[in-house]
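J.: Have a look at the structure that comes next, please.
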Amino acid sequence: RALSDAGLHSVRDSYTAARLAEMGIGNVAVTGCPSMWALDGVHSRRNDCPTSDCVVMLTDYYTDPVADDAVLRLVLKHFSGRIFFFPQGTGDVAYLGRLPAFLEQPRRFEVMRHSLKSLDRLLARRAVTYVGTRVHGGIFALNRRVPSIILAVDNRAAEMARDFQLPVVPRTHLDQVQHWLDGDDLFQPIRIPRENIERWW
């Protein structure tokens with residue numbers, strides 16, 4: 001009832017467009033999220049920027065302690081330098097503090113401030129790789145041309161990967177994460193639907 005019958009609505013992905021179509025709302029354009037619009041043609045290859053440091057993000061409202069602990073252990077094993085943990089959500093630090101991988105090696109981690117400026121400064125001055133469950137954390141890093149792999153915890157990342165080739169794998173598919181970290185070229189360049197964006201804009 002809140003949507004217009006006349007205007008053209010921008011939707012994040014084809015899944016959303018299909019759900020709206022089921023409700024009789026067909027005046028939509030699949031544009032992706034505006035945070036992605038500068039990523040057309042960007043290719044997330046680990047070999048393009050091998051680093052010893054990693055930025056990790058987890059999701060406080062969609063936790064899986066076993067899977068997330070396995071993610072941390074993989075990162076600790078692969079990266080010899082600093083593991084920067086950025087708390088996008090207000091409960092992320094508390095969640096990190098309950099995971100065994102962190103409790104066993106807390107000195108390997110640098111917990112950052114809950115500040116987008118601090119993350120931006122880190123990505124600008126230090127060669128890092130992004131591994132995390134936060135979709136927009138990964139998109140933020142990709143916009144700064146940081147090699148990134150997003151671990152899907154819900155349908156948002158999975159649907160955007162299907163439509164736009166975002167570098168996404170399910171959180172539990174750590175074999176794929178390992179292959180990507182080892183340099184395997186798992187992803188195609190990101191594609192942005194320019195015609196749909198221009199039609200909506």
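J.: Within the range 1-49, how many residues turn out to be of a type in the set (S, T, N, Q) and surrounded by fewer than 11 Cβ atoms within 10 Å (Cβ to Cβ)?
T.: 1
J.: Select from the range 147-158 the residues that are modelled with pLDDT under 95 and surrounded by fewer than 22 Cβ atoms within 10 Å (Cβ to Cβ) and list them in ascending order.
T.: Hits for the range 147-158 are 154, 155, 156, 158.
J.: Identify the residue in the range 160-185 that is buried (at least 16 other Cβ atoms within 10 Å of the Cβ), free of Cβ contacts under 8 Å to residues at least 40 places away in the same chain and not in a helix (DSSP H, G or I) and, among all such residues, is nearest to the chain's Cα centre (by Cα).
T.: 168
J.: Can you pull out every residue in the range 26-49 that is over 19 Å from residue 142 (Cβ atoms) and out of contact with any helix residue (DSSP H, G or I) (no Cβ under 7 Å at 6 or more places or on another chain)?
T.: 26, 27, listed by residue number.
J.: May I pose another question? Pairs, please: C-beta under 8 Å, at least 6 apart or cross-chain, first residue closer than 18 Å to residue 64 by Cα and in the range 87-113, second open to solvent by 60 Å² or more (accessible area, probe 1.4 Å) and among the basic types (Lys, Arg)?
T.: 101/73
J.: Find all pairs meeting these conditions: Cβ atoms under 8 angstrom apart; at least six residues apart or on different chains; first residue within the range 120-136 and within 22 Å of residue 169 (Cβ to Cβ); second residue polar (S, T, N, Q) and buried (at least 24 other Cβ atoms within 10 Å of the Cβ).
T.: 129/148; 130/148; 131/148
J.: Taking the criterion of being under 24 Å from residue 143 (Cα atoms), crowded, with 17+ Cβ neighbours inside 10 Å, over 16 Å from the mean Cα position of the chain (by Cα) and among the aliphatic types (A, V, I, L, M), would at least one residue in the range 50-68 satisfy it?
T.: Looking for residues that are under 24 Å from residue 143 (Cα atoms), crowded, with 17+ Cβ neighbours inside 10 Å, over 16 Å from the mean Cα position of the chain (by Cα) and among the aliphatic types (A, V, I, L, M), one finds none in the range 50-68, hence no.
The values are calculated or read from the model by the stated rules, or taken from the named source; none is laboratory data. Model, not experiment: these values are computed from the prediction. Note that we place each Cβ from the backbone using ideal geometry, even for glycine, and neighbour counts take in every protein chain shown. Heads up: the accessible areas ignore ligands, DNA and RNA and are worked out on the full protein's heavy atoms, side chains in. Shrake-Rupley method; radii C 1.70, N 1.55, O 1.52, S 1.80 Å.
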